[in-house]
Amino acid sequence: LPSGWRLGAHARAAAALAADQAPAVAYAHHVERSARAGDEDAVALLVHAARTAAPRAPLTAGRWLRAALRLLRRGADRERHLELLSESAAAFAAAGAYEDALEAVEDALVLVPRREVGQRANLIVRIADVKQHSVRRFESQAMLKEALSSIPPPDAATAVALQVALAHDHFWRGEFSQMRQVTGAVSSGGTGGAAPVIILSGVLASLADLYLARIDAARAELVEAEKELAALPDDVLGHNLMLSTQIALAACRLERFEAARGHVRRGLRVARETGQSFIVPTLLRVESNVLLMTGRLAEALRAAEAGAEAASAAGHDRLVMWALEAVSTAAYWTGDVDRALSSAREAVACAQRTAEPFFVGMSQIQLAAARLAGGDAAGAHAQLAPLDTEPSRVLLDLVGAHGWTVLTEAHLALGDLDAAQDATVRAGRRAEATALLQQVAAVRCERARVMLARGEAQGAVMAARDAVAQFDRAGNLVFSARARATAGAALAAAGEPETAKGELLAAESVLSAAGAARERDAAVRTLRRLGHRVRRRFPAPTGGTGLEGLSAREREVAGRVASGDTNREVAAALFLSEKTIGSHLARIYDKLGVHSRAALAAIVARETDPRDIRTPV
């Protein structure tokens, strides 16, 4: 369930109605259509069926809870209505049905008298939370401010919840100074303790300071939040799982990649234990970024693909957009231009349906990168030029200044060297203000490429070698190899062919091993111009006999099936539908030429250790 939305007493009682869960689910459709108002048995059955279905089918659960509300006896107590409204809103929100969720919470607000200020404020926080996940994100600020001004001083916890919701509102508006001001009020509010809302406030303060280029403060706030989160029990985190995504995102943005991956892994584990599949695509998107920024391209693509599968099952535009962005980015770096382009186009379409400039801009960066890789420099420039203004430049800074890299390369491809140099100057000022290693290194690498295009070979060598050193310090060997290839090209232009060959060969070896095909090919072309023949390396086959012919996801499914899991168990473990698992299994059988689970298990036992395959992405 979304943050803080717990089960009420009646829901728990209904969930305990029967040891066998199947009958409630089987009868619920009939009861929903035929039961009469006031039938308490029907209400209990629907609530129980909804709780059973919620982890895998939250939309159905929300519908059954709404049906239970219609069947309540006239005059039923208000608290019971509020419980069921809260549960149905949580179920609809988990399914991405935000308009239905909003209707439920607003109905609950109508039931609470104005004199009950605290309870109304908590419902307003929920309304803001739902709206922030929908196309109505920017409608909550006035309501939050009004509620905050009406909270009596003793009710500190409710005030904090409102302040955090208001900070989120400022975040999505790009109002980082106001966001930091609000979170500052939270931290000095005297509430004490490491409650999830206090930890989230610290994370939001860290993100605000990051975007305001106060990096030391951002790191200190994040480290403190991480300490408090480590002490938070899993059962409490399970009611506040959005905290895992926010803290993982903040750690990733601050280039604390191992910490970010740790937050992702814990979030995925708790999500799996509590059946909260709605959070999985976002967590996997962060993990894909972490893997990319640590030079693990193949793993980054696998994580992105898994996130896209989970997002597709959820059917929510924002989740799909996030996931497809990650797929496009990973495909761009691995050199799969067609995949990068198709994923980016779909991501832009999803983002445009959300009507949010922030998301549209993020997806446009990936589309521009794919267009540039496909030879459409003019299209890439047209995509990015509108983002080279305030406040959109913050989007160009993300993922190690990826947007600035694409914009500069587009200028170079179009032959506009002055525009390319101007872009690196703007990007450099922003990167130096953050002192984030990979952001600084990426801009220096692009500066080297601009200097090389302008005929300033010696300056390009120094800038590229500086970028290599920064990337090495950051632990990103793939991006370091790209910068090394730039240094090699600059050395060749400076009249040092032998030294250039050494740099280029070292870069080619790393890029080949990492699967960075496009960057590797660029290094090979420079080597050939220097008269050095490079052995052609063929990509790993996508087909073939045995398990090698399976995709990463198919191998994972095969391993779980071989160890005895049913399709339902595999689906639950991987946060996919049973239908998707069945489709995977059909393709696996076809590729391996088998027709049974036993035959599949024999191949898995013969060719690999099933425990290796069962490790989730």
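The values are calculated or read from the model by the stated rules, or taken from the named source; none is laboratory data. As the structure is a prediction and not an experimental result, all values here were calculated from the model. Note that each Cβ is placed from the backbone with ideal geometry, even for glycine, and that neighbours are counted across all protein chains shown. Calculation scope for accessible area: heavy atoms of the full protein, side chains included, ligands and nucleic acids excluded. Shrake-Rupley method; radii C 1.70, N 1.55, O 1.52, S 1.80 Å.
Among the residues of the stretch 407-429, are any within 29 Å of Arg285 (Cβ to Cβ), among the acidic types (Asp, Glu) and free of Cβ contacts under 8 Å to residues at least 12 places away in the same chain? No, the conditions are met nowhere in the stretch 407-429. Taking Arg296 as the residue in question, decide whether it is at pLDDT below 90 and surrounded by fewer than 24 Cβ atoms within 10 Å (Cβ to Cβ). No; evaluated as a whole, the condition is false for this residue. Does the stretch 34-85 hold any residues that are of a type outside the set (A, V, I, L, M) and over 26 Å from Arg120 (Cα atoms), and which are they? Matches in the stretch 34-85: Ser34, Arg36, Gly38, Asp39, Glu40, Asp41, His48, Thr52, Pro55, Arg56, Thr60. Between Arg587, Arg529, the distinction of being modelled with pLDDT of 80 or more, over 20 Å from Arg296 (Cα atoms) and in contact with an Asp or Glu (Cβ under 7 Å, 6 or more places away or on another chain) belongs to Arg587 only. The set of residues from the stretch 506-518 being closer than 16 Å to Ala464 by Cα and surrounded by fewer than 22 Cβ atoms within 10 Å (Cβ to Cβ) comprises just one member, Ala506.
Given the criteria more than 17 Å from His263 (Cβ to Cβ), open to solvent by less than 50 Å² (accessible area, probe 1.4 Å), without any contact (Cβ under 8 Å) to a residue 60 or more places away in the chain and under 22 Å from the mean Cα position of the chain (by Cα), does Ala225 qualify? For Ala225, the condition - more than 17 Å from His263 (Cβ to Cβ), open to solvent by less than 50 Å² (accessible area, probe 1.4 Å), without any contact (Cβ under 8 Å) to a residue 60 or more places away in the chain and under 22 Å from the mean Cα position of the chain (by Cα) - is not met.
Filtering the stretch 382-393 down to residues that are open to solvent by 60 Å² or more (accessible area, probe 1.4 Å) and part of a helix (DSSP H, G or I), which residue is farthest from Val406 (Cα to Cα)? Spell out how you get there, then give the answer.
First, the residues of the stretch 382-393 that are open to solvent by 60 Å² or more (accessible area, probe 1.4 Å): 382, 386, 389-391.
Right, trim to part of a helix (DSSP H, G or I) and you get 382, 386.
Working: Ala382: 12, Pro386: 14 Å.
My answer is Pro386.
Which one of these is under 27 Å from Pro391 (Cβ atoms) and either surrounded by fewer than 21 Cβ atoms within 10 Å (Cβ to Cβ) or at pLDDT below 90 (or both): Gln352, Gln364? Going through Gln352, Gln364 in turn, the sole match is Gln352. Of the helices (runs of 4 or more DSSP H) contained entirely in the stretch 451-521, those carrying at least 3 residues that are farther than 25 Å from Ala300 by Cβ and free of Cβ contacts under 8 Å to residues at least 24 places away in the same chain fall at 457-474, 497-514. Scanning the stretch 246-287 for residues that are closer than 27 Å to Ala347 by Cβ, open to solvent by 10 Å² or more (accessible area, probe 1.4 Å) and β-branched (Val, Ile, Thr) returns a single hit, Thr282. If you filter the stretch 426-438 down to residues that are open to solvent by 10 Å² or more (accessible area, probe 1.4 Å) and not in a loop (DSSP other than H, G, I, E, B), you find that the one that is nearest to Val290 (Cα to Cα) is Leu437. For the stretch 482-500, the condition holds for at least one residue, the condition being that it is open to solvent by less than 60 Å² (accessible area, probe 1.4 Å), at pLDDT 95 or above and closer than 24 Å to Asp338 by Cα. Assessment of the stretch 295-315 against the conditions (touching a Pro at 6+ places or on another chain (Cβ under 6 Å), without any contact (Cβ under 8 Å) to a residue 60 or more places away in the chain and not acidic (Asp, Glu)) yields at least one matching residue. Of the residues Leu341, Leu372, which is open to solvent by 10 Å² or more (accessible area, probe 1.4 Å) and farther than 25 Å from Ala306 by Cα? The match here is Leu372.
In this structure, is Ala142 crowded, with 24+ Cβ neighbours inside 10 Å and either touching an Asp or Glu at 6+ places or on another chain (Cβ under 6 Å) or without any contact (Cβ under 8 Å) to a residue 40 or more places away in the chain (or both)? Taking the combined requirement at face value, the residue does not satisfy it.
For first residues located in the stretch 365-392 and under 16 Å from Gly415 (Cβ atoms), partners that are among the small types (Gly, Ala, Ser) and assigned to a helix (DSSP H, G or I) and lie 6+ apart or on another chain with Cβ distances below 6 Å form the pairs Leu372/Ala380; Leu372/Ala410; Ala377/Ala410; Ala377/Ala413; Ala380/Ala368; Ala380/Ala410; His381/Ala410.
A quick yes/no check of all residues on (1) outside any helix (DSSP H, G or I); (2) buried (at least 17 other Cβ atoms within 10 Å of the Cβ):
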residue	(1), (2)
Thr60	no, yes
Ala68	no, yes
Leu82	no, yes
Leu102	no, yes
Ala108	no, yes
Arg115	yes, no
Glu146	no, no
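Is it the case, given these coordinates, that Arg63 is out of contact with any strand residue (DSSP E or B) (no Cβ under 8 Å at 6 or more places or on another chain) and within 21 Å of Tyr98 (Cα to Cα)? In short, yes.
Within the stretch 36-58, restricting attention to residues that are of a type outside the set (D, E, K, R) and part of a loop (DSSP other than H, G, I, E, B), the residue that is surrounded by the fewest Cβ atoms within 10 Å (Cβ to Cβ) is Ala37. Going through (1) part of a helix (DSSP H, G or I); (2) on the phi > 0 side of the Ramachandran plot; (3) not charged (D, E, K, R) one by one, Gly415 falls short only on (1). Among the conditions (1) within 25 Å of Ala552 (Cα to Cα); (2) surrounded by fewer than 21 Cβ atoms within 10 Å (Cβ to Cβ), the only one that Asp234 does not satisfy is (1).
Those residues that are open to solvent by 30 Å² or more (accessible area, probe 1.4 Å) and part of a helix (DSSP H, G or I), I need them from the stretch 126-136; list them, please.
Of everything in the stretch 126-136, those that are open to solvent by 30 Å² or more (accessible area, probe 1.4 Å) and part of a helix (DSSP H, G or I) turn out to be Arg126, Asp129.
Filtered by the rule that a residue be assigned to a helix (DSSP H, G or I) and of a type in the set (Lys, Arg), the stretch 224-280 gives Lys227, Arg253, Arg261, Arg265, Arg266, Arg269, Arg272.
Taking only the stretch 237-265 into account, find how many residues are within 11 Å of Leu200 (Cβ to Cβ) and of a type outside the set (A, V, I, L, M, F, W, C).
At the first step, the residues of the stretch 237-265 found to be within 11 Å of Leu200 (Cβ to Cβ) are 240, 242-247, 250.
Within this subset, residues satisfying the condition of being of a type outside the set (A, V, I, L, M, F, W, C) are 240, 244-246.
Qualifying residue count for the region: 4.
Might you check whether a residue that is among the aliphatic types (A, V, I, L, M) and either closer than 23 Å to Ala344 by Cβ or touching a Cys at 6+ places or on another chain (Cβ under 9 Å) (or both) occurs anywhere in the stretch 444-461? So far as the stretch 444-461 goes, no, none of its residues is among the aliphatic types (A, V, I, L, M) and either closer than 23 Å to Ala344 by Cβ or touching a Cys at 6+ places or on another chain (Cβ under 9 Å) (or both). Scanning the stretch 514-534 for residues that are under 30 Å from the mean Cα position of the chain (by Cα) and of a type outside the set (Asp, Glu) returns Ala514, Gly515, Ala516, Ala517, Arg518, Arg520.
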